[in-house]
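Read the structure below first, then the notes.
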Amino acid sequence: MDDDVTKRALVIDDHPITHLGASRLLRDLGYDPVGQAMSAEEALDQLAANRDADADAGPGLILLDISLPGLGGLDAIAALRGAAPEARILVFSMNDQTGFAARALQLGAQGFLSKNAPPADFRDAVRMLEAGEFYLSPKQAMALATLRAGAADDPLGALSDRERQVLALIGQGHGLQAIADQLGVSYKTAANTSSALKRKLGVDGINGLMKFALDSGVQGA
């Protein structure tokens, strides 16, 4: 990124303290202005307004939390890329499981950083995205490589037969109790399997699992 070009960033997070800390780090890296939004919907409204006012006023970097009120961060990635096609998206979240990182990159983000990471890692991540590269922590990169090797580049390949069954039934609109009854397992087992699916696939909530099932065309075993 050219140092002579105005570097704009947008932080999307529903915690004011995160806005404060992230904005300070971004300004230290030369970003000014640093916009703030408390939800994906608010961010999309801001981007639309900025585009109408000045086509060149969009951010070069978007810092995006996963757990947001309303439209979740992962679900917002495609819309944000459409609204700010020049922006690089760095997902910044407490949910640092490998599945979330894999799903974020699959959906179009360029990096994933844990909120527990030190400031030096934050700076490294931003610099790598500025250079047109992707960022994962070494631990995440190793875990993701292992996951992909085991799944043959197919996230469904990492699922057990029981997990695929539960995912397929969720995609058909069944609730957890109905799934438990149909599979002959306890409600707790169905709920635990659902939680494992969310971690592995990097999606939020039953609606996220349902959308994933429908998009992937998963069939019951």
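The values are calculated or read from the model by the stated rules, or taken from the named source; none is laboratory data. Note that the coordinates shown come from a computational prediction; the quantities given were computed from them, not determined experimentally. Every residue, glycine among them, receives a Cβ derived from its backbone with ideal geometry; neighbour counts consider all protein chains shown.
Quick notes on this structure:
Rundown of residues vs (1) modelled with pLDDT of 95 or more; (2) surrounded by 18 or more Cβ atoms within 10 Å (Cβ to Cβ); (3) under 16 Å from residue 103 (Cα atoms), yes/no style:
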site: 36; (1), (2), (3): yes, yes, no
site: 41; (1), (2), (3): yes, no, no
site: 49; (1), (2), (3): no, no, no
site: 52; (1), (2), (3): no, no, no
site: 56; (1), (2), (3): no, no, no
site: 69; (1), (2), (3): no, no, no
site: 78; (1), (2), (3): no, no, yes
site: 82; (1), (2), (3): no, no, no
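- Residue list for the stretch 38-71, restricted to those being in contact with a Lys or Arg (Cβ under 6 Å, 6 or more places away or on another chain) and aliphatic (A, V, I, L, M): 61
- The condition (being under 22 Å from residue 216 (Cα atoms), in contact (Cβ under 8 Å) with a residue 40 or more places away in the chain and touching an Asp or Glu at 6+ places or on another chain (Cβ under 7 Å)) is satisfied by just one residue among 73, 99, 60: 73.
- Tally of residues being of a type in the set (Asp, Glu) and surrounded by 15 or more Cβ atoms within 10 Å (Cβ to Cβ) across the stretch 122-145: 2
- Filter result for residue 104 (surrounded by 15 or more Cβ atoms within 10 Å (Cβ to Cβ), out of contact with any Phe, Trp or Tyr (no Cβ under 8 Å at 6 or more places or on another chain), closer than 21 Å to residue 43 by Cα and in contact (Cβ under 8 Å) with a residue 24 or more places away in the chain): no
- Number of positions in the stretch 77-126 that are among the small types (Gly, Ala, Ser) and over 19 Å from residue 37 (Cβ atoms): 7
- Residues of the stretch 186-210 satisfying the condition of being surrounded by 15 or more Cβ atoms within 10 Å (Cβ to Cβ) and either in contact with a Lys or Arg (Cβ under 8 Å, 6 or more places away or on another chain) or at pLDDT below 80 (or both): 193, 201, 202, 203, 204, 208, 209
- Single unsatisfied condition, residue 213 versus (1) closer than 27 Å to residue 140 by Cβ; (2) in contact with a helix residue (DSSP H, G or I) (Cβ under 7 Å, 6 or more places away or on another chain); (3) small (Gly, Ala, Ser); (4) surrounded by fewer than 19 Cβ atoms within 10 Å (Cβ to Cβ): (4)
- Taking the numbered list (1) surrounded by 20 or more Cβ atoms within 10 Å (Cβ to Cβ); (2) farther than 17 Å from residue 87 by Cβ in turn, residue 19 passes all entries but (1).
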